[in-house]
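A short reminder: the numbers here are calculations on the coordinates, not readings from a lab. Values in this document were obtained by computation on a predicted structure and should not be read as measured data. Every residue, glycine as well, gets a Cβ built from its backbone with ideal geometry; the counts of neighbours run over all protein chains shown.
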Amino acid sequence: MSEHLHPTIARVTQRIVERSADSRRRYLDLMERAAEHQPGRDSLACSNLAHGFAAALEDKPAIAGGRGPNLAIVTAYNDMLSAHQPYGTYPAQMKLYAREAGATAQVAGGTPAMCDGVTQGQDGMELSLFSRDVIALSTAVALSHAMYDGAALLGICDKIVPGLLIGALRFGHLPAIFVPSGPMPSGIDNKEKQKVRQLYAEGKATRAELLESESASYHSPGTCTFYGTANSNQMMMELMGLHMPGAAFVQPGTPLRNALTRAATRRLAAIAGEGNDHRPLARCVDEKAIVNAAVGLLATGGSTNHAIHLPAIARAAGIVLDWQDLDELSAAVPLIARVYPNGSGDVNHFHAAGGMAYVIGELLDAGLAHRDIRTVAGSNLSAYAETPVLEGGALAWRPAGESGDDTMLRPVAHPFLPDGGMRLVQGNLGRATFKTSAVEKERWTIEAPCRVFDRQEDVVHAFSTGELDKDVVVVVRFQGPRANGMPELHKLTPPLGVLQDRGHRVALVTDGRMSGASGKVPAAIHVTPEALATKDGKWGPLALLRDGDTIRLCAERGLLATDADLAARAPCAPPAPAWGTGRELFAMFRADADGAEQGASAMLAVAGL
C-alpha cells in the first residue's frame with residue numbers, strides 16, 4: 001500500500017484486493033495472452049493489412065512499413081451533444097500531432113453518445129443506461145482490427161466514459177488515454193435556473209420563460225457546467241491517472257486545450273511505442289486506481305450514478321467493488337468541494353479556484369488517495385496535483401497553491417462535511433444509495449406514510465392535483481434495470497422540491513436513478529433488489545408495498561425499512577413493457593441485466609465477468 005495511507009483507505013483497498021484475487025488474476029492472464037498472441041499488423045496477411053490502410057492516404061507508407069505506433073481514435077463525436085461537438089475537429093488535429101511524434105493515427109470507430117439532458121423525462125431515457133453497454137461493445141468492435149498499438153478515447157458524458165473504459169479494458173494489453181474537450185463557459189446563475197424550474201412546476205412561469213432560462217444555461221459547445229455525471233467522469237479520469245494532468249476542466253477551443261490534446265496524442269505515442277515506458281491500460285486500472293476514483297467521487301460530492309458505473313468498470317478489470325466499500329470510504333473521506341448543485345459555483349468556478357489539482361494535492365497530503373498508481377503521464381499521481389498553463393506558448397504545469405475560493409474548495413483539515421456524503425441505507429426494503437452531501441442534515445431522517453407509484457408521470461399528476469401536499473415518502477418502483485432500463489427520474493425533482501419548500505417532510509425511494517443533479521430532496525435510489533422479479537421468480541420488496549405503509553429512511557443510521565408485514569403479501573403486477581423509441585430493441589439487455597450494486601449490466605453478466 002501507499003506510504004502514509006489513511007488506515008480506512010488501506011483497509012478497504014486490501015479487502016478489495018483479496019476479494020478480487022481470482023478474478024483479477026484471470027483478467028491479467030487474459031491480457032498477457034492477448035499481448036503475446038493477438039496478431040499485430042506485422043502478422044496480418046497482406047490483404048488484411050491493405051484493407052486497414054487503404055484510406056490512410058498520407059500515412060500509408062508509415063503504416064505499411066511499421067514505422068512507429070499506429071493509434072486508434074475511438075470517438076463519441078456528434079454535434080447534438082454539446083460536450084462532444086468539439087470532437088469533430090479532433091481526428092485531423094490528432095493525426096498531425098501523431099506524425100510529429102513519429103506515429104500514425106486512424107479513427108478506429110465511433111460510439112453512440114446520448115444526451116441525458118435531452119432525454120430526461122422522455123421515453124428515450126429508458127435506453128440511457130444500456131447505452132453504456134452498447135458503447136462498450138462499439139469500442140470493442142473498433143479495437144478488434146489488430147491494427148493498433150494504443151487507443152485515444154474521445155468521450156465525456158454520462159454513460160460514454162464508463163462505456164469507453166469498459167470496452168477498452170477488454171483490450172487492456174494496449175495503452176489508452178482519455179482526451180476530454182472541456183466545459184462550456186458559465187451561463188446564468190444556477191440559483192436563478194433552479195428558481196425558474198420550480199416556478200414552472202407550480203404553474204407560475206410559462207414554457208417560453210422556462211426555455212429562455214434553460215437556453216441561457218446550456219448555450220454553447222462544451223460540457224454542461226453543473227457537477228453531474230459528465231463532470232464526475234472527468235474528475236475520476238484525473239484521479240485514475242488516465243488524462244494528461246489537469247485536462248478535465250479547460251474550456252474548448254482555447255490554446256491551452258489544444259496544447260493538452262497535442263500532449264495527450266504525443267504521450268500516447270510514447271507509451272504505445274517499443275520503448276521502456278509501455279503502459280498497458282490493464283496495469284493502469286488496478287485496485288488502487290479504482291479506490292482513488294471512489295475517493296475523488298466522495299471528496300467532491302460527485303454523481304451517484306457512479307455507485308453503478310464504478311462497480312461495472314471495476315468488473316471489466318477483474319476487480320470486485322461493492323457499496324459497503326463506498327460506504328466505509330465515505331466515512332473516512334471529507335467533503336472538500338461544493339460545486340453546483342451541491343454549491344453555488346459551477347465547474348468553471350471550481351477550476352478557477354484550484355480545481356482537480358487542489359483536490360488531488362489535498363487528498364495525497366492527507367493519505368486519502370494512492371500516490372503510487374501507474375498513470376498515463378509517466379509518473380505517479382503527484383503530477384496531477386499541478387495545474388496546466390502556457391508559458392511562452394509552451395505547455396507547463398505549476399503547483400495548485402491555496403484554494404482560490406473557500407466557499408467552493410477547502411482543505412482536508414477544514415472540510416465542508418467530515419464525510420463524503422454517499423451513504424449505504426439498507427433494511428427490509430433492500431439496499432440503496434443516499435447522497436447526503438446534497439441534502440441538509442436535518443432532512444437525513446424521515447418517517448412517513450408512503451405513496452406508491454409505478455411511473456414518474458403519475459407522481460407529477462398527483463402533485464398537480466394536491467394529493468401529495470403532506471408529509472410523504474414517494475415510492476417509484478419498477479424503474480430498475482430489468483424493468484425498464486433504470487431511467488433517471490429528474491422529472492420528480494421540481495415537484496418534490498416544491499413540497500419540501502412548503503414545509504412538508506418529503507423523501508423519494510426508488511429502484512431508478514437520480515444522478516449527480518439530484519438536488520436537495522432526500523432520496524434512497526438504486527434500490528436493490530429492484531421491484532421486478534428475477535428470472536427465478538423472486539420479487540423485490542418494493543413490489544410488496546402499499547399506499548399508507550410507513551417507511552423509515554435514515555442516512556444517519558443507514559436504514560431503509562418498513563413495519564409492514566411484507567411476507568404476507570403478494571406482489572403488485574408491473575406495468576407492461578413499453579414499446580416505441582426503440583425500447584423494444586433493448587429487451588435483451590433488460591432480460592439479462594444484473595443488480596445495481598453489481599453495475600446493472602447485461603453485457604458483463606452474460607460474459608460471466
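What the phi angles of the range 431-442 give under the Karplus curve with 6.51, -1.76 and 1.60, with θ = phi - 60°, is a coupling list of 10, 8, 9, 10, 8, 6, 5, 9, 10, 4, 4, 5 Hz, glycine and proline written as x. The simple Förster model, with R0 at 60 Å and r as the Cβ-Cβ distance, assigns residue 274 and residue 220 a FRET efficiency of 0.90.
Extension gain for residue 198-residue 42 works out to 50.0 nm (0.36 nm per residue, less the C-alpha to C-alpha distance). Residue by residue, the range 98-109 carries 3J(HN,Hα) couplings of 5, 4, 4, 9, x, 10, 10, 9, 9, 6, 6, x Hz when phi is fed to the Karplus relation 6.51 cos²θ - 1.76 cosθ + 1.60 (θ = phi - 60°); x denotes Gly or Pro. Here the spin labels are modelled as points 7 Å beyond Cα on the Cα-Cβ line, and at residue 33 and residue 606 they lie 2.1 nm apart.
Could you please rank 129, 326, placing first whichever residue has the fewest other Cβ atoms within 10 Å of its Cβ? If you can, show how the numbers build up before the last one.
Numbers: 129 31, 326 26.
Lowest to highest Cβ neighbour count: 326, 129.
Taking a point 7 angstrom from the Cα of residue 394 along the C-beta vector, which residues in the range 265-298 have backbone N less than 15 Å away? Taking a point 7 Å out along Cα→Cβ of residue 394, no residue of the range 265-298 has its backbone N under 15 Å. As a proxy for reagent exposure, 115, 572, 224 were ordered by neighbouring Cβ count within 10 angstrom, fewest first; the result is 572, 115, 224.
For the range 263-394, the Cα gyration tensor yields ellipsoid semi-axes of 25, 22, 13 Å (square root of five times each eigenvalue, largest first, whole Å). One decimal place: the segment residue 51-residue 141 gains 30.8 nm when fully extended, by the rule 0.36 nm per residue minus the C-alpha distance.
Could you rank the peptides 499-511, 20-32 by their average count of other C-beta atoms within 10 Å per residue, with the highest value first?
On the way: 499-511: 20.3, 20-32: 15.8.
Ranking, from highest mean packing down: 499-511, 20-32.
Here the Karplus curve 6.51 cos²θ - 1.76 cosθ + 1.60, taken at θ = phi - 60°, turns the phi angles of the range 484-498 into couplings of 8, x, 6, x, 6, 10, 5, 4, 7, 4, x, x, 5, x, 4 Hz, with x standing for Gly and Pro. For the cross-link pairs 191/435; 159/204; 288/520, the ones whose C-alpha atoms lie over 23 Å apart are 159/204; 288/520. Scanning residues 5 or more positions from residue 551 or on other chains, those with amide H under 5 Å from its amide H are 448, 450, with H placed 1.01 Å from N in the peptide plane. Less than 5 angstrom separates the built amide H of residue 107 from those of 73, all sequence-distant by 5 or more or on a different chain. Spatially, the range 361-389 and the range 23-45 are offset by 30 Å when compared through their Cα centroids. Available extension along the chain between residue 256 and residue 581 is 113.0 nm, counting 0.36 nm per residue and deducting the alpha carbon span.
Assuming charge only on the beta carbon of Lys and Arg (+1) and of Asp and Glu (-1), the dipole of the range 422-575 about its Cα centre is about 380 debye to the nearest 20.
Extents of the chain, taken as max minus min of Cα coordinates on every principal axis and listed largest first, are 73, 53, 52 Å.
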